[in-house]
1. Considering only segment A:176-185, I want to know if a residue exists there that is at the interface with chain B (Cβ under 8 Å from one of its Cβ atoms), part of a loop (DSSP other than H, G, I, E, B), closer than 15 Å to residue B:148 by Cβ and not β-branched (Val, Ile, Thr).
2. Which one of A:47, A:87 is outside the structural domain of residue A:160 (by TED's automatic domain parsing), of a type in the set (A, V, I, L, M, F, W, C), closer than 25 Å to residue A:157 by Cα and in contact (Cβ under 8 Å) with a residue 12 or more places away in the chain?
3. Can you tell me which of (1) within 30 Å of residue A:9 (Cβ to Cβ); (2) of a type in the set (Val, Ile, Thr); (3) exposed (fewer than 15 other Cβ atoms within 10 Å of the Cβ) is the one residue B:177 doesn't meet?
4. May I ask you to list the residues in segment A:143-161 that are of a type outside the set (Lys, Arg) and more than 14 Å from chain B (Cβ to nearest Cβ)?
5. Looking at A:140, A:99, can you tell me which residue is surrounded by 20 or more Cβ atoms within 10 Å (Cβ to Cβ), in contact with a strand residue (DSSP E or B) (Cβ under 6 Å, 6 or more places away or on another chain), assigned by TED's automatic domain parsing to the domain that holds residue A:52 and modelled with pLDDT of 95 or more?
6. Any residue at all in segment A:51-74 that's away from every other protein chain (no Cβ under 14 Å), over 25 Å from residue A:37 (Cα atoms) and buried (at least 20 other Cβ atoms within 10 Å of the Cβ)?
7. Just the residues that are in contact (Cβ under 8 Å) with a residue 60 or more places away in the chain and touching a Phe, Trp or Tyr at 6+ places or on another chain (Cβ under 8 Å), please, taken from segment A:114-136.
8. List, please: which pairs have Cβ atoms under 6 Å, are six or more places apart or on different chains, and start with a residue in segment A:154-179 that is assigned by TED's automatic domain parsing to the domain that holds residue A:128 and end with one that is surrounded by fewer than 17 Cβ atoms within 10 Å (Cβ to Cβ) and aromatic (Phe, Trp, Tyr)?
Protein chains: 2
Amino acid sequence: MKVTVGISAHHLHVTKEDLEILFGKGHELTVHKKINQPGQYASTDFVTIRTEKSELAHIRILGPVRKYTQVELSKTDYIKLGLDAPVRESGDVKGSAKVTIIGPKGMIERDAGIIATRHIHVPEEDAKKLGLENVPYVSVRVPGQKGGVMYHVSVRVAPNSYYEMHIDTDDANAFQIKNGEELEIYKDITE
Amino acid sequence: MKVTVGISAHHLHVTKEDLEILFGKGHELTVHKKINQPGQYASTDFVTIRTEKSELAHIRILGPVRKYTQVELSKTDYIKLGLDAPVRESGDVKGSAKVTIIGPKGMIERDAGIIATRHIHVPEEDAKKLGLENVPYVSVRVPGQKGGVMYHVSVRVAPNSYYEMHIDTDDANAFQIKNGEELEIYKDITE
């Protein structure tokens, strides 16, 4: 069974309240470019993530606003920042890495820094047909000279979602995976 | 069968001639710190790798001088520099990525940029005992939340070598491998 890969560059999600602290009262996100997941988009707004050791500028906010503020960077990014961040599912930010987020109008400090799990979005209506109903994790095989297998790729079944695998830039660069590449899912290869 | 991992940060090797162009006539490398491979060391000298798009400063020269100049960066580094570099065995630099190397006394342009293959150094005298005689590639399994399998890990049998697996920072960060971690080798898992 195949799945198309989308590579997620580092980005963040913000609450309405945090967006207004960072960009000013009444500020709203503007669509720069829609992404494949329905209703979601890359916005035109960027922030800087700063630590005592270093900083990362030009980190894009993905919209729309969410119920939690979450910063998704790669391990390579966190090493540069001198932070130790956990590998987590989206939304599971409690006790994650403390980051300082700087916008043009204000700055916030939040326990919001995670490394996102490798995951596959599965539309609820297709889960059974794809054999991915009640399957929490699968393995995904990568061909090529830097190929291999990724274990623990989480399966996220949800209504109104687009069938696609998401990986971060560390996985993309280590395995030399291209955006839009098709990879093979294995339910029988487990750790 | 287990092997200990050493994570190679980006670095370069230089010829005696190129070292003298970069650092001045008669310049010799000084040992900063020995590495596990006998006779080899991190030197006290650094260069900058520059492209039209960007630059990477503070890239360390590994000694002693070699018969070829070779720059070993990660895919993440090459993306930053705007370069496309091949995955190669050490020494196989012909037709690799063209890089500009800048030292305190001079600058050179060489087809020298590679992404090093994942590899295992095997002492010639232990190859048979380890079952790694005449085995060009093995697979290596990585445990943990970002775990998986690396295919095509090349086996380099040579006299006077130290039994150790070398990976670059992209593989280390994607798989969350720590320096000095022990991983399992599989000869029966192939692509």
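1. yes
2. Within the list A:47, A:87, the selection yields A:87.
3. For residue B:177, the exception is condition (3).
4. Correct list: A:155, A:157, A:158, A:159, A:160, A:161.
5. After ruling out the rest, the residue left standing is A:99.
6. Looking for residues that are away from every other protein chain (no Cβ under 14 Å), over 25 Å from residue A:37 (Cα atoms) and buried (at least 20 other Cβ atoms within 10 Å of the Cβ), one finds none in segment A:51-74, hence no.
7. A:120, A:121, A:130
8. Cβ pairs passing all conditions: A:154/A:137.
The values are calculated or read from the model by the stated rules, or taken from the named source; none is laboratory data. These numbers were taken from a predicted model, which means no experiment stands behind them. A quick note on method: Cβ atoms are made from the backbone with ideal geometry, for glycine too, and the neighbour counts reach across all protein chains shown.
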